[in-house]
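Visitor: I am attaching a structure below and will ask some questions about it afterwards.
Every number in this text was worked out from the coordinates using simple rules, so none of it is lab data. Just so you know, these numbers come straight off a predicted model, no measurement behind them. Using ideal geometry, Cβ is built from the backbone for each residue, glycine included, and neighbour counts are taken over all protein chains shown.
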Amino acid sequence: MFRVRLSESPMPTGSKDPDVLLSWLLDSMGMVRRKTEGASVEDEQGALHRLLRETVLIDPLRGWDARELGDSSGLSQTGVHHQLVKLRESGLLAADTEGRWHIHVLRGGSVSAAIELVSVQARAILDLRLSKLAEVISESDDRMVASSENDEKAFRIEVAEPGVIAEGEDWLDALVRDLGLSGERAKPGDKLSRNLLEELLSSNRAVTLLALADKCDDSRARVQRSIERMRAAGVVERVPMLDRIAQDVYGGLMRQYNARGEEWLMTRGGVGRLDDSVSKALISGVRKKSLNIEKVQKILDPVPVDSQKVLLNTLGGRMPYGFRIAGRDGDAVKEKVMRRVEKTLRRMKTVAQRLDEALA
């Protein structure tokens, strides 16, 4: 069955080295584990790279059986079998039966043709899977009130056609697993990612990590790792919790006034940077102890959001963030994810074409 992991990484700009281009393609298809930054091409090359480089890239349509692949690449029979499973699942290689041997060829006879076929399959299957997810995303304009910050994570998503649903699971469990949202080493029966996604699907506002951890009765660290996978897939996004700024500014003002005094608030505390009417209203309220969260919200209403963030920071607070589904409805989420998929596939096609030219 078709399965590939699409992973966004910086393109090998200007390189014509076939080893560099092949390593980039394999990494972008999630077929090798990511190495440490700064690793050389030789460090990046593993068993899969060697198998392709020494066999099907030299003669794509010859028809290679497992024994020949092992002899040419130096891999054991077990190693060859392991790599062939990944290559067939990803759609790079096709297999036919000749006697008792499976004969393998590079699909389409070239790297660019194989990537084109992979792209067609990935696009169609992901469209199908995301359409199913879109049906259960509640429509809400309220959760999109705050603008998301431009801090998108490197795109990473798995694409797998529907398979057998395990006992005790439903279609949403299978979808979460097939999109890679559960992680590579998810334990059987671990439904944290599914529960988090289900919570966000029905929420009309952004939810903090702490609130999600409480609702799912799990650790904040595990919840954060799961949420980060959803962000990488483009399904979830992080947004500032603007309705919490007044509350945190109020707490900061009162705490710093009691600890450091009015002069500090006006200078290093950042209140003096605001318009006179705003700063005077805040300081007067602090001095008379007549402030509350609602009054702070009213005083800060004419202040730009960026300036409110700076004030919160100078008072020793941190901008509170929450997480939400990345669109007002299912169609918006699907469109966002597919747009990032198209970008990744276009890059793969470009590098595949350059690899064919380098090999020629």
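Visitor: List, in order, the whole-Hz ³J(HN,Hα) value for each residue of the range 291-300 obtained from phi through the Karplus relation with A = 6.51, B = -1.76, C = 1.60 and θ = phi - 60°; use x for Gly and Pro.
Guide: 6, 8, 4, 5, 5, 4, 4, 5, 5, 7
Visitor: With θ set to phi - 60°, apply the Karplus curve 6.51 cos²θ - 1.76 cosθ + 1.60 along the range 186-199 and write out the HN-Hα couplings as whole Hz, x wherever there is a Gly or Pro.
Guide: 5, 7, x, x, 7, 10, 4, 4, 5, 5, 5, 4, 4, 5
Visitor: Using modelled amide H (1.01 Å from N, peptide plane; none on Pro or chain starts), what sits under 5 Å from the amide H of I103, excluding residues fewer than 5 places away?
Guide: D96, T97, E98
Visitor: If R0 is 45 Å, what FRET efficiency do you get for N258 and Q224 from their C-beta distance, rounded to 0.05?
Guide: Computed FRET efficiency for N258 and Q224: 0.85.
Visitor: Using the scaling law 2.2 N^0.38 Å as the reference, what is the normalised Cα Rg of the range 223-360?
Guide: In units of the globular-protein estimate, the range 223-360 measures up at 1.61.
Visitor: Follow-up. In whole Hz, with x marking every Gly and Pro, tabulate ³J(HN,Hα) for the range 325-333 from phi via Karplus 6.51 cos²θ - 1.76 cosθ + 1.60, θ = phi - 60°.
Guide: Computed from phi, the couplings for the range 325-333 are 5, 7, x, 6, 8, x, 5, 5, 5 Hz.
Visitor: A further question on this structure: Could you compute the longest span of the chain free of trypsin sites (Lys or Arg not before Pro) located in DSSP loops and having at most 12 other Cβ atoms within 10 Å, not counting the site residues?
Guide: Longest gap between qualifying sites, sites excluded: 186-288.
Visitor: Another question about this same structure. Once both labels are modelled 7 Å past Cα along the beta-carbon direction, what's the T78-R346 spacing in nm?
Guide: 4.5 nm
Visitor: Right, next: Would you mind classifying the range 243-314 by shape? Square roots of the alpha carbon gyration tensor eigenvalues, ordered a ≥ b ≥ c; an a/c under 1.5 is rounded, otherwise it is prolate if a/b is larger than b/c and oblate if not.
Guide: Verdict is rounded for the range 243-314.
Visitor: Another one. Set the Förster radius R0 to 45 Å, insert the Cβ-Cβ distance between M266 and S9 as r into 1/(1 + (r/R0)^6), and round the FRET efficiency to 0.05.
Guide: Taking R0 as 45 Å, the efficiency between M266 and S9 is 0.40.
Visitor: Could I have the simple spin-label model distance between D142 and Q353, label points 7 Å from Cα toward Cβ, reported in nm to one decimal?
Guide: Result: 4.8 nm between the two label points.
Visitor: Calculated from DSSP H runs of 4 or more alone, at -39500 (n - 2.57) each and per residue, what is the 222 nm mean residue ellipticity of the chain, nearest 500?
Guide: Taking each H run of at least 4 residues, the total per residue is -16500 deg cm²/dmol.
Visitor: Mark the label point 7 Å from the Cα of I293 along Cα→Cβ and return the residues of the range 219-253 whose backbone N is within less than 13 Å of it.
Guide: 242-252
Visitor: Continuing with the same structure: In Å and whole numbers, how far do the C-alpha atoms of the chain stretch along each principal axis, longest first?
Guide: On the principal axes, the chain reaches 91, 47, 31 Å in Cα extent.
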